[in-house]
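Comments concern the structure below.
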């Protein structure tokens, strides 16, 4: 079995990879073991070189393309995409950027405009208004609309992790309820914060609705004016 989790960042990819890896007893590939970049040619080269071994799972923030989906199929992989409320995803993305404020290796990105600034700073609002975050929503929508991936919602995984994973298993492969329960427990937020490597950095509050406490009226107005259609198309309420 091979699983690739493809889609937007800050949607729960690392959490889902941990759960599925434990449930199906798959080796979770670390960033040094996956394709150099989340692009079709790099995946094909890596897979042909034997990088995508049986019994492994990895995630990368791939844009959807039919060619890439075909390549995943040819590699014998099941593709999974996790999506999340765009409001919460935006807040999570903002705080991830702040965590890299002293990381010179990550400088030179479009998100640099957010560094060291409060969430309600005019530059952050302009970034949101001018579409700096829109690509994340578009990436999610294109994977969902493709029909080439098994889709799971972050909110469902929180609300009913075992039931949600049992449904997901109908697309991936049979797995026992007890095994799913053990995987969910092993990958709880508290346990992931204790894990070595970069996993702990991916877990901040690990909850649904954080944006309701963080975003103000200006943020919400921009979402309504600029991104309402995308939000609705992903199945979320416009606030």
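No lab work stands behind these numbers, since they all come straight from the coordinates. Model, not experiment: these values are computed from the prediction. Here the Cβ is made from the backbone with ideal geometry for all residues, glycine too, and neighbour counts use every protein chain on show.
Quick one: among 183, 228, 11, which has the greatest mean-square fluctuation in a GNM of the chain with alpha-carbon springs under 10 angstrom? Maximum fluctuation in the GNM of the chain, among the listed residues, is at 228. The angle separating the long axis of helix 217-233 from the principal Cα axis of greatest extent in the chain is about 40 degrees. With Cα atoms defining each centre, segment 18-60 and segment 116-136 are spaced 32 Å apart in the structure. Under the criterion of Cα pairs below 8 Å and six or more residues apart, the relative contact order for segment 2-233 equals 27 percent. When the chain is treated as a GNM with alpha-carbon contacts under 10 Å, the residue of 22, 120, 102 showing the greatest mean-square fluctuation is 102.
Put in line by how crowded their Cβ is, counting other Cβ atoms within 10 Å and starting with the fewest, 52, 95 read 95, 52.
According to the calculation over all Cα-Cα pairs in segment 114-156, the P(r) per 10 Å bin from zero is 24, 34, 27, 15 %.
Quotient of the Cα radius of gyration of the chain and 2.2 N^0.38 Å, N being its number of residues: 1.01.
Largest GNM mean-square fluctuation across 163, 55, 176, computed for the chain with C-alpha springs under 10 Å, falls on 176. For segment 1-70, how big is Rg over Rh, using alpha carbon atoms and the Kirkwood form of Rh? Rg/Rh: 0.93.
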